[in-house]
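For reference, the structure I am asking about is given below.
The values are calculated or read from the model by the stated rules, or taken from the named source; none is laboratory data. Note that the structure is a prediction, hence the values are computed from the model and not measured. Glycine gets a Cβ as well: all are built from the backbone with ideal geometry, and neighbour counts include every protein chain shown. Note: areas computed on protein heavy atoms with side chains; ligands, DNA, RNA excluded. Shrake-Rupley method; radii C 1.70, N 1.55, O 1.52, S 1.80 Å.
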Amino acid sequence: MARTLFDKIWDDHVVERLPDGTCILYIDRHLLHEVTSPQAFEGLRMSGRRLRRADATVAVVDHNVPTSDRSLPIEEPESRLQIETLEKNVAEFGVPYFKLRSKDQGIVHVVGPEQGISLPGMTIVCGDSHTSTHGAMGALAFGIGTSEVEHVMATQTLLQKPAKNMRITVSGHVGPGVTAKDIMLAIIGKIGTAGGTGHVMEFAGDAIRALDMAGRMTLCNMSIEAGARAGLVAPDETTFAYVEGRRFAPKGEDFDKACAYWRTLVSDSDAVFDTEVTLDAADIKPNLTWGTSPEDVIGIDGVVPDPASCNDPARARQVQRMLDYMGLEAGQKIAGTKIDVAFIGSCTNSRIEDLRAAAAVAKGRHVAPGVRAMVVPGSGNVKAAAEAEGLDLIFREAGFEWREAGCSMCLGMNPDKLTSGQRCASTSNRNFEGRQGPGGRTHLCSPAMAAAAAVSGCFVDVREMA
Amino acid sequence: MMDKFTTLTAIAAPLPVENIDTDQIIPARFLKTIQRSGLGKNAFAAQRYNEDGSEKPDFVLNKEPFRKAEILITFENLGCGSSREHAPWALLDFGIRCVIAPSFADIFFNNCFKNGILPIRLPREICETLMEDAQMGANARITIDLENQVVQRPDGSTLPFEVDSFRKHMLIEGLDDIGQTLQHDSAIQSFEQKRQRDESWRPTIVMETVS
């Protein structure tokens with residue numbers, strides 16, 4: 001029977017199918033960070049259970065870490081406690097760990113692919129919803145709660161029922177200045193934040209094939225923002241070229257064997273998807289969000305919606321509430337809206353390709369007066385690569401802060417936060433109320449668009465900045 | 001370990017909002033704990049408290065009798081966003097044992113079951129009706145009967161709901177998933193052995209514990 005890519009990966013990991021259809025699904029990689037693991041380690045300890053496979057587990061600190069000078073101690077006592085707790089736990093259970101002051105440290109979803117830990121065909125989990133990022137490798141990767149983190153620690157499996165299959169086909173090619181982020185915002189704007197619920201979302205079409213691995217990671221990263229359990233891009237030559245030579249990837253003959261298997265990981269041409277969505281790449285503009293849900297997407301040439309034009313009164317109330325929170329007027333052009341902060345970083349957009357795109361805009365320009373602009377590389381290795389290319393100089397000369405790797409202002413668990421009322425052009429993934437700090441106003445956009453807003457002091461069409 | 005869930009007769013709090021994300025249920029700044037308990041006081045912090053820490057009197061969970069609510073009723077896509085299990089922990093610590101909505105985000109839905117919270121999907125019109133019931137306050141308790149899979153309204157009428165049979169069993173018995181899975185340990189072992197034999201190219205992560 002014809003199978004989708006998801007079906008194939010799923011089938012290859014079913015340990016046992018229980019009578020009601022629940023499957024014991026084998027997990028190849030378990031990624032840990034400091035926020036969602038302490039209670040799971042504690043559970044393991046309390047029940048006297050062992051960590052089943054330390055050699056399939058990796059830990060890194062990212063959510064809480066300061067992105068300022070790493071030689072200084074961590075000031076916030078609770079953050080410090082969480083980091084110290086992870087360090088104690090990895091030592092006790094023998095988990096491979098990228099420590100804070102290592103160049104290999106970074107955001108877990110940047111580190112996994114970068115180190116060759118995340119590979120095609122794998123099942124990959126982490127106590128973090130943006131684990132979907134690793135789907136770009138052609139791996140089935142999804143976020144889990146802490147109880148499931150403990151379940152994987154103890155059993156190397158999860159109890160799961162198969163998801164439904166969704167295919168999102170983006171045909172044709174995007175125009176200049178339009179990035180993977182704009183494609184994904186267009187998709188979320190089209191299907192909504194619950195559009196993918198219960199589905200694994202495979203991205204297909206020429207516009208997807210044309211993306212580099214960083215772009216594919218951006219896409220899969222935000223599949224959770226469309227409600228999907230996971231995102232997937234079938235592995236191809238771009239993927240294999242990316243994987244080859246990475247630290248934990250198979251080498252030599254093993255790599256060839258792996259590749260032979262990975263080449264089978266495509267949806268059969270006659271495979272049937274439960275849901276199909278299509279977009280034309282040529283229609284996609286540089287996009288950004290105006291409201292407090294990632295589905296509130298408009299093009300840079302668009303206007304903020306008017307609650308009066310909503311047919312559903314509940315929706316009208318919600319739109320009004322969002323406008324009030326965001327400090328926007330119905331019908332206002334989004335271009336020209338002034339910003340206070342630009343944040344370039346997060347597991348969505350902090351890879352070297354993202355930093356290059358932002359630097360290309362920043363080069364020879366300067367951050368507008370009154371704007372704080374920060375660049376937070378996704379890992380120590382990304383930071384080093386950027387410095388080797390001189391991107392740090394471009395950013396510094398343009399007045400951007402050049403910081404250490406971590407989740408930073410994506411969720412404001414460390415000192416990088418918005419203050420109430422501040423408006424931010426952010427390359428992150430969630431514009432929820434208070435996400436970047438209580439009262440903060442987030443507009444999601446691409447790295448190039450965030451850099452353009454930083455140097456202009458307001459949202460502008462990056463295509464007009466050549 | 002987990003409290004059993006059989007029947008629950010309780011006050012329900014109506015929160016007629018769509019897309020309530022887990023950042024709203026428990027903002028990230030409260031995730032710096034290394035425990036599961038104690039999060040209830042900060043559940044819905046941004047909606048419940050002013051910046052000076054005083055309560056916002058209009059928010060449903062700050063009103064009587066909803067301070068004692070054990071059931072929460074909302075609109076579509078409850079629990080979207082972050083996978084943080086701190087969200088169900090916060091609800092549980094507040095006292096919520098059952099959440100009712102037209103739809104849920106997948107990870108949150110799953111996390112509820114793992115903590116003895118029953119998530120129930122019911123059509124929007126029924127959620128609206130139950131919210132009207134709930135508005136009557138302490139005199140209008142709603143009963144959840146998991147064994148028979150019905151919600152009983154204050155007027156005695158009942159509404160059936162669907163629940164996955166495996167998860168129902170786990171809730172009713174208060175069973176621990178890990179213990180259940182470990183009963184299949186030999187199957188996991190043979191899966192691993194077959195992998196090692198047939199797919200020896202699969203890499204493991206071996207490094208000095210600390211890099």
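What is the one condition in (1) within 14 Å of chain B (Cβ to nearest Cβ); (2) under 22 Å from A:L5 (Cα atoms) that A:A207 does not satisfy?
Just one mismatch for A:A207, condition (1).
Taking A:I144 and the conditions (1) in contact (Cβ under 8 Å) with a residue 24 or more places away in the chain; (2) within 12 Å of another protein chain (Cβ to nearest Cβ); (3) within 18 Å of A:Y26 (Cβ to Cβ); (4) not small (G, A, S), which numbered condition does it fall short on, given that it satisfies the others?
Only one criterion in (1) in contact (Cβ under 8 Å) with a residue 24 or more places away in the chain; (2) within 12 Å of another protein chain (Cβ to nearest Cβ); (3) within 18 Å of A:Y26 (Cβ to Cβ); (4) not small (G, A, S) is unmet by A:I144, namely (1).
Give me a count of the residues in the stretch A:1-29 that are under 21 Å from the mean Cα position of the chain (by Cα) and facing chain B (nearest Cβ under 10 Å).
Result for the stretch A:1-29: 2.
So A:K190 fits all but one of (1) free of Cβ contacts under 8 Å to residues at least 60 places away in the same chain; (2) within 21 Å of A:S446 (Cβ to Cβ); (3) among the charged types (D, E, K, R); what number is the exception?
(1)
Residues checked against (1) modelled with pLDDT under 95; (2) touching a Ser or Thr at 6+ places or on another chain (Cβ under 9 Å); (3) in the same structural domain as A:F343 (by TED's automatic domain parsing); (4) on the phi < 0 side of the Ramachandran plot:
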position: A:E84; (1), (2), (3), (4): no, no, no, yes
position: A:N89; (1), (2), (3), (4): no, yes, no, yes
position: A:L100; (1), (2), (3), (4): yes, no, no, yes
position: A:S118; (1), (2), (3), (4): no, yes, no, yes
position: A:S132; (1), (2), (3), (4): no, yes, no, yes
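Another question about this same structure. May I ask you to verify whether A:K181 is more than 8 Å from chain B (Cβ to nearest Cβ), outside any helix (DSSP H, G or I) and under 20 Å from A:E353 (Cβ atoms)? Let's see the steps before the verdict.
Values: more than 8 Å from chain B (Cβ to nearest Cβ): yes; outside any helix (DSSP H, G or I): no; under 20 Å from A:E353 (Cβ atoms): yes.
Answer is no for this residue.
Would you please list the contacts, defined by Cβ atoms under 9 Å and residues six or more apart or on different chains, that run from a residue in the stretch A:88-101 that is more than 13 Å from A:R45 (Cα to Cα) and free of Cβ contacts under 8 Å to residues at least 60 places away in the same chain to a residue that is among the basic types (K, R) and assigned to a loop (DSSP other than H, G, I, E, B)?
Hits for this filter: A:L100/A:R70; A:R101/A:R70.
Now for a different question. Determine whether the stretch A:31-43 contains at least one residue that is more than 9 Å from chain B (Cβ to nearest Cβ) and over 30 Å from A:G412 (Cα atoms).
no
With the requirement that a residue be over 18 Å from A:S379 (Cβ atoms) and either part of a loop (DSSP other than H, G, I, E, B) or not assigned by TED's automatic domain parsing to the domain that holds A:R29 (or both), what does the stretch A:58-82 give you?
Residues satisfying the conditions are A:S71, A:L72, A:P73, A:I74, A:E75, A:E76.
Working carefully through the options A:R396, A:R403, find the one that is away from chain B (no Cβ under 14 Å), at pLDDT 95 or above and closer than 11 Å to A:G345 by Cα.
Numbers: A:R396 fails: closer than 11 Å to A:G345 by Cα.
Answer to the check: A:R403.
Name the helices (runs of 4 or more DSSP H) wholly within the stretch B:60-136 that hold at least 2 residues that are away from chain A (no Cβ under 11 Å), open to solvent by less than 10 Å² (accessible area, probe 1.4 Å) and touching a Pro at 6+ places or on another chain (Cβ under 7 Å)? Outline the logic, then answer.
Details: elements: B:86-94, B:106-113, B:124-135.
Filter on the stretch B:60-136 gives B:124-135.
Is it the case that the stretch A:380-387 has a residue that's open to solvent by less than 20 Å² (accessible area, probe 1.4 Å) and over 21 Å from A:V110 (Cα atoms)?
No: zero hits.
Considering each residue of the stretch A:93-119, count those that are open to solvent by 10 Å² or more (accessible area, probe 1.4 Å) and closer than 12 Å to A:A56 by Cα, and give that number.
1
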